[in-house]
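In what follows, a structure is listed as structure tokens, so that the remarks can point back to it.
The values are calculated or read from the model by the stated rules, or taken from the named source; none is laboratory data. On a predicted model such as this, the values are computed, not experimentally measured, just so you know. Neighbour counts are summed over all protein chains in view; Cβ atoms, including those assigned to glycine, are modelled from backbone coordinates with ideal geometry. The accessibility values were calculated without ligands, DNA or RNA, using every heavy atom of the protein model including side chains. Shrake-Rupley method; radii C 1.70, N 1.55, O 1.52, S 1.80 Å.
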Amino acid sequence: MSKSLVLAWLALTAAALPAAHADGVADYAWRQTLSSSGREAVVQYRLPASVYLHSRSAQLDDLRVFDSRGTVLPFALRAPAQESQASRHTVPVRVFPVFGEPEAGGGTAIDIRRTADGALVSVGTHATPRGDAPLSALVLDMHVDAQAHGTFDMLRFTLPAGTPRYDALLGVEVSDDLKTWREIAQSHVSWMVSGDGAALAADRVEFEPREFRYARIRWLEGRPIQFAGVSAEAVRYTEPAAPLETLVLPASPGRNPGEWMYASSVAIPVQRIGLQFNERNVSLPVELGSYTERRCRRRSTASNRAGASAARATCRSSRRTSRTG
């Protein structure tokens with residue numbers, strides 16, 4: 001069964017209501033009927049433009065919701081959630097193998113040479129490694145591509161050619177200065193290659209998106225090998241622009257010569273103002289401002305208006321519409 005609701009705004013002034021008057025639909029000058037199935041505990045509506053046009057409060061404090069019996073219902077106003085858009089692309093990384101027996105803490109003391117912009121030149125151990133020194137770690141320089149964004153959420157490994165089967169538990173650590181390392185992930189990687197070349201592979205290590213300059217791969221289980229290649233997945237998040245509504249206001253002559261007035265509402269959050277001209281080619285200076293109604297203290301005197309200038313600009317148009325900020 002459908003359920004009717006009434007959206008009402010623009011209450012009468014307090015002086016027009018008795019002291020003990022209950023809030024009711026009839027007290028509101030503008031109303032709109034809403035409908036729902038009646039089965040939901042919470043419903044959501046997009047406010048129509050007429051609410052902003054006729055409200056007398058910048059925060060919509062004069063807005064009410066009534067059910068079909070005239071009972072005031074609780075509600076909350078919120079801006080629509082803006083979901084960020086993610087774009088990703090694969091970027092190559094430079095791999096530097098580190099040879100030598102791991103130290104007691106699991107790491108290997110290394111010597112690092114890099115350029116002034118932080119690009120790695122060489123990575124080696126403090127002690128001169130023997131010819132049969134085992135591979136202990138891989139250090140990755142993530143900024144091989146100068147255009148690559150520094151936020152990553154995955155590393156992908158390529159198995160060396162001719163390796164039919166491999167399995168290992170890898171630990172991934174990251175750093176921005178090659179001095180302080182923090183572990184961000186542990187994950188198994190494995191490959192199974194059949195005789196005809198078909199492969200089953202778990203070749204990636206995923207983690208929460210984060211920015212870092214360098215990464216270090218350590219073997220927690222399995223035999224260390226030099227991968228044929230390592231690539232990273234770079235991700236970039238962009239916030240979509242908030243949707244804007246366009247409202248055309250009719251003009252009326254103002255009190256001063258050359259002045260035009262446009263009736264609006266304090267509830268409309270104006271970000272940009274445009275002017276429409278009938279002529280094709282227009283260039284003229286424009287001063288934008290607003291009037292505030294002020295009531296005089298003496299009852300016999302009508303209210304007056306106080307003006308305030310908000311912006312000045314020169315509008316030019318070679319079409320039919322010109323805009324000023």
- Note on the structure: Checked the stretch 182-212 for anything surrounded by 13 or more Cβ atoms within 10 Å (Cβ to Cβ) and touching a residue at least 60 places away in the same chain (Cβ under 8 Å); matches are Phe212
- Item | Count of residues meeting criterion [touching a residue at least 60 places away in the same chain (Cβ under 8 Å) and open to solvent by less than 70 Å² (accessible area, probe 1.4 Å)] in the stretch 265-275 | 3
- Task: Could you grab the pairs with beta carbons closer than 7 Å, sequence gap of 6+ or different chains, first residue in the stretch 143-167 and of a type in the set (Lys, Arg), second one at pLDDT 90 or above and part of a loop (DSSP other than H, G, I, E, B)?
- Result: Arg156/Asp203
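Conditions tested, residue by residue: (1) open to solvent by 50 Å² or more (accessible area, probe 1.4 Å); (2) modelled with pLDDT of 85 or more.
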site: Asp61; (1), (2): yes, yes
site: Asp67; (1), (2): no, no
site: Pro74; (1), (2): yes, yes
site: Glu83; (1), (2): yes, no
site: Ala86; (1), (2): yes, no
site: Val93; (1), (2): no, yes
site: Phe96; (1), (2): no, yes
site: Gly100; (1), (2): no, no
site: Ala109; (1), (2): no, no
- Task: Could you check the stretch 113-165 for strands (runs of 3 or more DSSP E) lying wholly inside it with 3 or more residues that are at pLDDT 85 or above and surrounded by 13 or more Cβ atoms within 10 Å (Cβ to Cβ)?
- Result: 135-141, 151-158
- Message: Could you tell me how many of the residues in the stretch 33-91 are β-branched (Val, Ile, Thr) and within 30 Å of Thr158 (Cα to Cα)?
- Response: 2
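One line per residue, one yes/no per condition, for (1) over 23 Å from Leu63 (Cα atoms); (2) among the hydroxyl-bearing types (Ser, Thr, Tyr):
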{"position": "Thr238", "(1), (2)": "yes, yes"}
{"position": "Gly258", "(1), (2)": "yes, no"}
{"position": "Ile268", "(1), (2)": "no, no"}
{"position": "Gln276", "(1), (2)": "yes, no"}
- Item | Considering residues of the stretch 166-176 that are among the charged types (D, E, K, R) and within 29 Å of the chain's Cα centre (by Cα) only, the residue surrounded by the most Cβ atoms within 10 Å (Cβ to Cβ) | Glu173
- Message: Just to confirm my filter: which strands (runs of 3 or more DSSP E) fall fully inside the stretch 16-93 and include at least 1 residues that are over 30 Å from Glu208 (Cβ atoms)?
- Response: 28-36, 64-67
